[in-house]
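Enquirer: To start, I am sharing the structure in question, which I have written as structure tokens.
Values in this text are rule-based calculations from the coordinates and carry no lab data. These numbers were taken from a predicted model, which means no experiment stands behind them. Backbone-built Cβ (ideal geometry, glycine too); neighbour counts: all protein chains shown.
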Amino acid sequence: SQLVGNFANKNLEMSFLKSQLKSLLKSQEIMIVKIEQGLTSHTSGHKCSPCDTNWRYYGDNCYGFFKHNLTWKESKQYCTDLNATLLKIDNHNILIFLNIFPFVLISYCWVGLSRQKSNEVWKWEDGSVLSENIFSSETLFDGKGNMNCAYFHNGKMHPTFCENKHYLMCERKAGMTKVDQLP
């Protein structure tokens, strides 16, 4: 009986330690993103910066957040004109990066996720399929009718009509410039 009690206590202790470790690792990950952002944000717009003014550098990419009320198609074209694509959120690190910016969290921003018809699979602009490991499908798949485009709000993806107007987020490889701006 005492042996069983000791075993149960050890299991509780092990479970507690695992949850503490998980919490610490998540905090560490967030701190790394913030430090990286702090180290690179001061160079934004500088001649040596891999990103243009008002774009944020993270990983190998530059991210632009634009307060233009555009349809999904207009937003896609806007990003294309900037030598970029609508944002693709395909890993948890990007989600952590986005959480640094209050504007992104409270805004309704188009991302590069859409589908041809309401009974088809959600795909990113590059043709890859949405990973269910990143977003729970309940909010994305509760769209009715012709809600075939997605926006990002409060850390989640939401379906909506492509003709609605929202702000947008673009991404492009760091260091790329528009051809007409080259010397």
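Enquirer: Let's test the formula: R0 of 35 Å, r as the Cβ-Cβ distance of Lys117 and Asp60. What FRET efficiency results, to the nearest 0.05?
Expert: E(calc), rounded to 0.05, equals 0.55.
Enquirer: Counting other Cβ atoms within 10 Å of each Cβ, which GluC sites (Glu not before Pro) in the range 64-127 have at most 16 and sit in a DSSP loop?
Expert: When the GluC sites (Glu not before Pro) of the range 64-127 are filtered for loop state and at most 16 Cβ neighbours within 10 Å, Glu120, Glu125 remain.
Enquirer: Still on this structure, I have one more. Amide H neighbours of Tyr108 under 5 Å, at least 5 residues apart or on other chains, H built in the peptide plane: list them.
Expert: Here Tyr167 satisfy the definition.
Enquirer: Could you go through the range 84-98 in sequence order and give the Karplus-derived ³J(HN,Hα) for each residue, using 6.51 cos²θ - 1.76 cosθ + 1.60 with θ = phi - 60°, rounded to whole Hz, and x for Gly and Pro?
Expert: In residue order, the calculated couplings are 9, 10, 4, 4, 10, 9, 10, 7, 5, 5, 5, 4, 5, 4, 5 Hz.
Enquirer: Quick one: which residues, 5+ away or cross-chain, put their amide H under 5 Å from the amide H of Tyr57? H built at 1.01 Å from N.
Expert: Sorted by chain and number, the residues that satisfy this are Tyr63.
Enquirer: Ordered by residue, what ³J(HN,Hα) values in Hz, to whole numbers, does the range 158-169 give under the Karplus form 6.51 cos²θ - 1.76 cosθ + 1.60, where θ = phi - 60° and Gly and Pro are x?
Expert: Rounded to whole hertz, the list is 9, x, 7, 6, 5, 7, 5, 10, 9, 5, 9, 10.
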